[in-house]
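Everything below concerns the one structure shown next.
The values are calculated or read from the model by the stated rules, or taken from the named source; none is laboratory data. These figures come from a predicted structure and were not determined experimentally. Positions of Cβ are generated from backbone atoms using ideal geometry, with glycine treated the same way; all protein chains shown enter the neighbour counts. Heavy atoms of the whole protein, side chains included, go into the accessibility calculation; ligands, DNA and RNA do not. Shrake-Rupley method; radii C 1.70, N 1.55, O 1.52, S 1.80 Å.
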Amino acid sequence: MKTKIGLFAGAPLLVLTAIFLLSVTPQISRDGIRYTGYVCIYKNGELITCKHNIITNRGKDLIKMDMMGTANVTLNKIALANNTAGIQPSDTELQGIWTTCNLSMATGTLTDEGTGNWSISYEWTSTCDNAKVNAVGVYNETSANNLFAGATWSPETVLNNGDKLRVTYYLWVE
């Protein structure tokens with residue numbers, strides 16, 4: 001068996017990530033600010049998907065209100081769901097949100113990824129068997145009716161007792 005050693009040991013993942021980032025299409029607000037985001041989902045340390053997410057209309061308003069000083073915006077809550085409706089720009093809540101099985105909304109870790117870029121991540125450990133997850137959303141710290149961004153994926157991910165699901169959202173403003 002060959003072992004990769006050195007600086008480029010993770011090159012295939014790095015190349016895949018670079019290709020993905022170049023293919024992400026930003027959302028553009030009425031005032032010309034470009035909002036872009038994607039989310040990566042890992043089950044038990046293995047990548048399930050990385051995909052573009054929808055920054056909701058409420059999310060765009062939260063950015064605007066924060067910039068104008070009319071609201072305290074801290075995007076630090078992440079929620080999982082078994083969503084059958086999909087995510088729409090007009091959504092203010094994530095449909096099918098988990099509240100049991102240790103999969104409830106959680107306070108994520110915010111990371112500064114450089115100028116105009118940040119990420120938020122959290123890892124859950126399921127306490128149930130056959131817990132189906134296919135959606136994730138980021139909320140303002142006040143959570144209710146403040147869905148900032150969301151994404152769904154297919155096929156759904158099935159978690160059993162002890163399975164870990166890690167979500168990392170990457171967001172940037174241009």
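Points to keep in mind about this one:
- Within segment 112-126, the residues that satisfy the criterion of being of a type in the set (S, T, N, Q) and under 13 Å from the mean Cα position of the chain (by Cα) are 119, 121.
- The residues of segment 102-138 that are open to solvent by 10 Å² or more (accessible area, probe 1.4 Å) and polar (S, T, N, Q), listed by number, are 102, 104, 107, 109, 111, 115, 117, 121, 125, 127, 130, 134.
- Out of 84, 92, 152, 99, one residue alone is in contact (Cβ under 8 Å) with a residue 24 or more places away in the chain and either open to solvent by 70 Å² or more (accessible area, probe 1.4 Å) or part of a loop (DSSP other than H, G, I, E, B) (or both). It is 92.
- Residue within segment 4-25 that is of a type in the set (D, E, K, R) and modelled with pLDDT under 80 present: yes
- Top-ranked residue of segment 155-171 - restricted to ones that are touching a residue at least 40 places away in the same chain (Cβ under 8 Å) and open to solvent by 50 Å² or more (accessible area, probe 1.4 Å), ranked as farthest from residue 37 (Cα to Cα): 164
- Scanning segment 102-148 for residues being under 18 Å from residue 48 (Cβ atoms), touching a Gly at 6+ places or on another chain (Cβ under 8 Å) and in a strand (DSSP E or B) gives a total of 8.
- Residue check, residue 97 within 28 Å of residue 34 (Cβ to Cβ), touching a Ser or Thr at 6+ places or on another chain (Cβ under 9 Å) and hydrophobic (A, V, I, L, M, F, W, C): no
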